[in-house]
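Visitor: One structure coming up, written as C-alpha cells, with questions to follow.
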Amino acid sequence: MKIVTYNVNGLRPRISQFGSLRKLLDAFDADIICFQETKLSRQELRADLVQAEGYETFFSCTRTSDKGRTGYSGVATFCHVKSAFSSDEVALPVSAEEGFTGVLSSGFGSRKSEDSSPADGLEDFTTDELLKIDGEGRCIITDHKHFVLFNVYGPRAECDDKERIQFKLKFFSILQKRWESLLTQGRRVLVVGDLNIAPSAIDCCDAAPDFEKNEFRTWFRSLLVRNGGHFFDVFREKHPERREAYTCWPTNSGAEEFNFGTRIDHILSAGPCLHIGENPGHSFVNCHVKECDILTQFKRWKPGSTPRHKDMKGRNGKLEGSDHVPVYMSLVEIPNIQQHNTPSLSTRYCPQVYGCQQTLVSIFARRQAAEGISVSERSSSISDDIIVEKCGQLIKRPLSACSLSSTDLIHQGASCTPDGCSEGSYKESSSELPCSEISRTKSSSPVASKKKARQSQLSQLSLKSFFQKTVGVSGDSTSFSSTDKELTKANISTLYCESNGTIKEGGEHDAAKKWPSEQGTSVRENDTSQPSEKEKNNVALAEWQRIQQLMQTSIPLCKGHK
C-alpha cells in the first residue's frame, strides 16, 4: 500500500487546480492520502470539497477564532477503498479520532461525557489545556489495526512570538506522550505531515552554524532511534546523504526555481514489524517500507519549463499550486484484516454534508414540478388577465390586484344586479354595499387593510406549504385540491356577480355570456342556477396557472438552474 502526505495550502484552490477532488486524489495513486492546511471550517464542509467516489474522508477543522485562526489550519485523511462497509482493507480504518488528546468527540452525532477522562498518558493536563491544543484542528488519528496513523500539522512559531512558542512546545510535548502511551501498549505508530521542523542542517538550504541548536530541532532528533528514541525518519533511512531534498519553499516564485527550501514534511515510523516472534534488527521500516521519496513533479516550478504565473508581468507573480510538495511511503507485506465498517467520524455522517445533499434533492424535485406546470401552461391558450364587466363598465386588471376575499362572498351568499346587490349580498361591518363599491370600501378600512397585508405576507413566506398543495397537471388538467375548488367557486361567484357580467379569456369566450338564471336571481353556493362544472373548472385552472407563473417569475433561481 501507498501513503502520501501533502500540505495543500488550501484545499479549495487545489481542487480548482485539478478540476475536482477526485482528480486531485487520483493524481497520487495512493491508498491513504493525508492533507494538511486545508483551511476549511466545519461550516464549509460540502460534498464537492470533502467527498469523492471510492474514498472515505476524515476531517479535523479549527474550533477557535483566536487571532483570526478560523479556517486557518485543518487536516484531512482520505482512504481509498472498494467498500466502506464489511471491508477487510487495511486502508479503511477500524476507528478514527479527531485530535490526539481524547477530549473531542469520536464521531458525528456523538459527544464526550462531561466526566470523560483524557487519553492514556495525559492525565496530568487539564481539560481546558487539552481543548486548547486540539482546538486548531491539527491532527486526525486513524487506527488501521496493523498501525495507528497520525496526520499532523505542526504549529508554526516565529522566534519573537513567545506565546506561540509556548503553544508549540506544549503541543509536541502532549503529542509525544500520546505516542509513548500507544507504544507501551505494543502498537505501531506512523506519523505523517507538515511538522514545521527541519531537523538537521542538511534539511535547510541556508542553515546557520547554530541551526541545530534550536529547541524544536533538538526535540525532533531526540525522537529518532539513533539518538535513543523510538522513531525512524523514514526518508533519511532510505536516503541518508541526499542533499537539497526539500519539501517546502518560500511563497515567492524564485525560491522554487533556485531550490531555496527546507524539508519540514516528514514520515516517522515506530514499532516492530508484523512478523511473528522477536527478531533482532527487525522493525516496521526495515521489513515493510519499500520506498520513501519526495514527489517533486508537484512543484509549482519545474526544471526546463516556464513558471505558471497567474500574473505573467514579472517573476514576483504568484505560482499556481501549493508551496509544499507531497512525500510518499510504499509498504509491502501488509495483510488484510477482519471485516469492519467505516468509523462514525467519516464525513459521510457529517450533517453539513448529507444535509446539503438532501436540500439539493428537494430543490430538484420542486424544479421538476415547476417544469411540469409550465408545460401545462404552454398547452393552454387562457390569458393571465380576466376582464370583468361590472355594472356596464369593463375593467381589465389581473386578479392579483384585487384584495377582495371572494370566499367571503360565497359564505355570505352574495348576488348582484345591474343596479346593486341583492339582500343576500356581501356584508362588511354590517353594511350592505353595491358590488362597485366593495373594493373601495375595503381599502378605506385601515384595520382590514393591515390584516389583509399581514395575511398576504404570511402566505408569500409559506413557500413550503404552497408547493405541498401543487396540483397534478400531468394527467387531467382539471384536477386540483378541494381547497382550490373552494377558491374557484368563490372566484366564479365574483366573476358572475353581475347579471350582464362577462368573462373574456384571451378573446375566446363570448363577451355577452350570462348566468343561466335571470337577472336579480341570488347566487348561492349550492344553487342550481350556477354555471356548469366545466366552466367553473376552466376559470379555476386559469387562476391556478396564473399563480404558478407568478411564483416561477417572482422567486429567483440559483445560478446553476438559470
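The values are calculated or read from the model by the stated rules, or taken from the named source; none is laboratory data. The shown structure was predicted, so the numbers you read here are calculated from the model rather than taken from an experiment. Note that each Cβ is placed from the backbone with ideal geometry, even for glycine, and that neighbours are counted across all protein chains shown. With ligands, DNA and RNA removed, areas are computed over all heavy atoms of the protein, side chains included. Shrake-Rupley method; radii C 1.70, N 1.55, O 1.52, S 1.80 Å.
Visitor: Could you list, ordered by first residue, the pairs with Cβ atoms under 6 Å in which the first is in region 328-342 and outside any strand (DSSP E or B) and the second is open to solvent by 80 Å² or more (accessible area, probe 1.4 Å), at least 6 apart or interchain?
Guide: Hits for this filter: Val332/Lys290; Ile337/Lys145; Asn341/Phe85.
Visitor: Next up: Restricting attention to region 243-259, which residues are at pLDDT below 90 and crowded, with 16+ Cβ neighbours inside 10 Å?
Guide: Passing the criteria: Ser253, Ala255, Glu256, Glu257.
Visitor: Among the residues of region 133-163 satisfying the criterion of being acidic (Asp, Glu) and open to solvent by 10 Å² or more (accessible area, probe 1.4 Å), which is modelled with the lowest pLDDT?
Guide: Asp160
Visitor: Continuing with the same structure: Only one of these conditions is not met by Leu175: (1) modelled with pLDDT of 95 or more; (2) more than 29 Å from Leu274 (Cβ to Cβ). Which number is it?
Guide: Answer for Leu175: the failing condition is (2).
For (1) assigned to a loop (DSSP other than H, G, I, E, B); (2) within 38 Å of the chain's Cα centre (by Cα), each residue gets a yes or a no:
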position: Val192; (1), (2): no, yes
position: Pro199; (1), (2): yes, no
position: Pro240; (1), (2): yes, no
position: Cys287; (1), (2): no, no
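Visitor: Consider region 260-275. How many of its residues are open to solvent by 20 Å² or more (accessible area, probe 1.4 Å) and over 30 Å from Gly321 (Cβ atoms)?
Guide: The qualifying residues number 4.
Visitor: Quick test of your reading of the structure: Gln352 fulfils all but one of (1) at pLDDT 65 or above; (2) open to solvent by less than 50 Å² (accessible area, probe 1.4 Å); (3) touching a helix residue (DSSP H, G or I) at 6+ places or on another chain (Cβ under 9 Å). Name the failing condition by number.
Guide: That leaves (2) as the condition not met.
Visitor: A follow-up question, please. Look through region 40-56, keep the residues that are among the acidic types (Asp, Glu) and not in a loop (DSSP other than H, G, I, E, B), and return whichever of them is surrounded by the most Cβ atoms within 10 Å (Cβ to Cβ).
Guide: Ranking the candidates gives Glu56 first.
Visitor: Same structure again: If you go through region 1-39 one residue at a time, how many are open to solvent by 10 Å² or more (accessible area, probe 1.4 Å) and either over 13 Å from Gly321 (Cβ atoms) or not β-branched (Val, Ile, Thr) (or both)?
Guide: 19
Visitor: So, of the residues in region 276-333 that are of a type in the set (Ser, Thr, Tyr), at pLDDT below 90 and out of contact with any strand residue (DSSP E or B) (no Cβ under 8 Å at 6 or more places or on another chain), which turns out to be least open to solvent (accessible area, probe 1.4 Å)? Outline the logic, then answer.
Guide: Start the filter on region 276-333 by keeping residues that are of a type in the set (Ser, Thr, Tyr), which leaves 283, 296, 305-306, 322, 328, 330.
Subset that is at pLDDT below 90: 283, 305-306.
Then keep just the ones that are out of contact with any strand residue (DSSP E or B) (no Cβ under 8 Å at 6 or more places or on another chain); that gives 305-306.
Values: Ser305: 51, Thr306: 106 Å².
Residue satisfying both the conditions and the ranking: Ser305.
Visitor: While we're on this one: Please find, among Leu130, Leu122, Leu182, the residue that is in a loop (DSSP other than H, G, I, E, B), at negative phi and buried (at least 17 other Cβ atoms within 10 Å of the Cβ). Walk me through how you get there before you give the answer.
Guide: On the way: Leu130 fails: in a loop (DSSP other than H, G, I, E, B); Leu182 fails: in a loop (DSSP other than H, G, I, E, B).
Among Leu130, Leu122, Leu182, only Leu122 is in a loop (DSSP other than H, G, I, E, B), at negative phi and buried (at least 17 other Cβ atoms within 10 Å of the Cβ).
Visitor: Just for region 186-210: of the residues that are in contact with a helix residue (DSSP H, G or I) (Cβ under 6 Å, 6 or more places away or on another chain) and either free of Cβ contacts under 8 Å to residues at least 12 places away in the same chain or within 17 Å of Tyr328 (Cα to Cα) (or both), which one is least open to solvent (accessible area, probe 1.4 Å)?
Guide: Only one residue tops the list, namely Val189.
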